[in-house]
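Here the structure comes first, spelled out in structure tokens, and everything after it is commentary.
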Amino acid sequence: MMDERLEQATEQLGRALRASAPLKAHLDASAGLKTDAEAMSLLDELAQRQALLRVMQNAGGPTQADIDDLRALQFRAQTQPTIAAYLQAQQDLRSLLPQINYEISQLLGVDFAALARKSGCC
Amino acid sequence: MAEPASTLAPDVILVMGDQVVQAARDFAEALSEAPQFQAWEQATWALRQDQAAQSMAEKLQAMQRELEPLLMLDAASAEQRAELERLRSEYLALPCITAYMQAEADLRALCQAANMVLSQAAGLDFAANCASGCCG
């Protein structure tokens, strides 16, 4: 489907992106997160607490104490150094990559990323 | 013809690096020369030139605007619904519309294939990370 020139240009862009500082920072932060047991357990706990709250919303609603507990846990997760570094790196990347896509899309006259995303939400 | 100027702000070029910027432009150029892209451009042009399609699109839009309040209230008559459906089917069956839809599907498939190669080389899903949020 892709001719050789397009395949090479695509791989070249992928390699250039991977070598860029923001992507390296993101990949490092992501790897760091996966090897930080404390961060992973905090994220697991947060996911479980959020799931529990969703269930409670369908069964009378959570108490104020439940909500306060969740907020405290969210704060702990957001300020845990490895998680905070990951979130910052992800935020940086999410502000930069759309601009690269915009550059590509302006040259093409059509939004590349919008066409390239698989249909269906999330 | 001179290449159009970059849309990127100087600080973005500085952070991402010249290599990314040049590679992005080369990628766009290679994609614009792919047969699927050329076919899509041609189908888009043909659609814009087709007077019958344009006038039917206007008619369809006018009818949709007129019936929208009734459809929202579930108060449109069976005749009105049937007329809207007939016009919609006729529009979608126009040769320039079917050609455009096929060309867009082909271009979408090419972009998805390119995104897979791009994402594998980059180490993350490029298109997904360009979304501003859910369905962005």
Worksheet entry | Selection status of B:W40, out of contact with any helix residue (DSSP H, G or I) (no Cβ under 7 Å at 6 or more places or on another chain), among the aromatic types (F, W, Y) and over 30 Å from A:L93 (Cα atoms) | no
Item to complete: Give the residue that is farthest from B:C111 (Cα to Cα), with candidates limited to residues of segment A:69-122 that are surrounded by 15 or more Cβ atoms within 10 Å (Cβ to Cβ) and among the small types (G, A, S).
Response: A:A77
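So which residues in segment B:62-83 are of a type in the set (S, T, N, Q) and outside any helix (DSSP H, G or I)?
Taking segment B:62-83 and keeping what is of a type in the set (S, T, N, Q), we get B:64, B:77, B:80.
Listed by number, the list holds a single entry, B:S77.
Being modelled with pLDDT under 95 and closer than 25 Å to A:G109 by Cα narrows it down to one of B:D74, B:D11, so name that one.
B:D11
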Fill in: Selection within segment A:7-25 - touching an Asp or Glu at 6+ places or on another chain (Cβ under 8 Å) and either facing chain B (nearest Cβ under 7 Å) or on the phi > 0 side of the Ramachandran plot (or both)
A:A9, A:Q12, A:L13, A:P22
Worksheet item: So which residues in segment B:1-59 are surrounded by 13 or more Cβ atoms within 10 Å (Cβ to Cβ), over 19 Å from the mean Cα position of the chain (by Cα) and away from chain A (no Cβ under 12 Å), if there are any at all?
Response: B:M56, B:K59
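Regarding B:R86, is this residue within 18 Å of the chain's Cα centre (by Cα) and not in a loop (DSSP other than H, G, I, E, B)? Let's see the steps before the verdict.
Values: within 18 Å of the chain's Cα centre (by Cα): no; not in a loop (DSSP other than H, G, I, E, B): yes.
Considered against the rule, which asks whether it is within 18 Å of the chain's Cα centre (by Cα) and not in a loop (DSSP other than H, G, I, E, B), B:R86 comes out as no.
Can you spot a residue in segment B:106-124 that is within 14 Å of chain A (Cβ to nearest Cβ) and outside any helix (DSSP H, G or I)? First the steps, then the outcome.
First pass over segment B:106-124, keeping only residues within 14 Å of chain A (Cβ to nearest Cβ): B:106-124.
From the residues that got through so far, the ones that are outside any helix (DSSP H, G or I) too are B:123-124.
Scanning segment B:106-124 turns up at least one residue that is within 14 Å of chain A (Cβ to nearest Cβ) and outside any helix (DSSP H, G or I).
Mind listing whichever residues of segment A:19-41 are buried (at least 17 other Cβ atoms within 10 Å of the Cβ), free of Cβ contacts under 8 Å to residues at least 60 places away in the same chain and of a type outside the set (D, E)?
If we filter segment A:19-41 for residues that are buried (at least 17 other Cβ atoms within 10 Å of the Cβ), which is where we start, we get A:20, A:22-23, A:25-26, A:29, A:33, A:36, A:39.
Filter once more, so that each one left must be free of Cβ contacts under 8 Å to residues at least 60 places away in the same chain: A:20, A:33, A:36, A:39.
Matches in segment A:19-41: A:S20, A:L33, A:A39.
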Practice prompt. Output the residues belonging to segment A:42-53 that are surrounded by 11 or more Cβ atoms within 10 Å (Cβ to Cβ) and either in contact (Cβ under 8 Å) with a residue 24 or more places away in the chain or not hydrophobic (A, V, I, L, M, F, W, C) (or both).
Written response: A:L42, A:L43, A:E45, A:L46, A:Q48, A:R49, A:Q50
Item to complete: Would you check if there is a residue in segment B:44-61 being in contact with a Cys (Cβ under 9 Å, 6 or more places away or on another chain) and part of a loop (DSSP other than H, G, I, E, B)?
Response: yes
Response to the item:
When segment A:78-109 is checked residue by residue, the ones that are within 20 Å of A:S30 (Cβ to Cβ) and facing another protein chain (nearest Cβ under 7 Å) are A:L93, A:R94, A:L96, A:L97, A:P98, A:I100
Discussion item. Condition first: within 28 Å of B:P35 (Cβ to Cβ) and not in a helix (DSSP H, G or I). Now tell me which residues in segment A:1-42 satisfy that.
Written reply: A:M1, A:M2, A:D3
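If we scan segment B:123-132, do we find a residue that is buried (at least 17 other Cβ atoms within 10 Å of the Cβ) and acidic (D, E)? Spell out how you get there, then give the answer.
Here is the first cut: in segment B:123-132, the ones buried (at least 17 other Cβ atoms within 10 Å of the Cβ) are B:124-127, B:129-131.
Narrowing the set further to residues that are acidic (D, E) leaves B:125.
Yes; the residues of segment B:123-132 include at least one that is buried (at least 17 other Cβ atoms within 10 Å of the Cβ) and acidic (D, E).
The values are calculated or read from the model by the stated rules, or taken from the named source; none is laboratory data. Small disclaimer: the values here were computed from a predicted structure and weren't measured. Note that each Cβ is placed from the backbone with ideal geometry, even for glycine, and that neighbours are counted across all protein chains shown.
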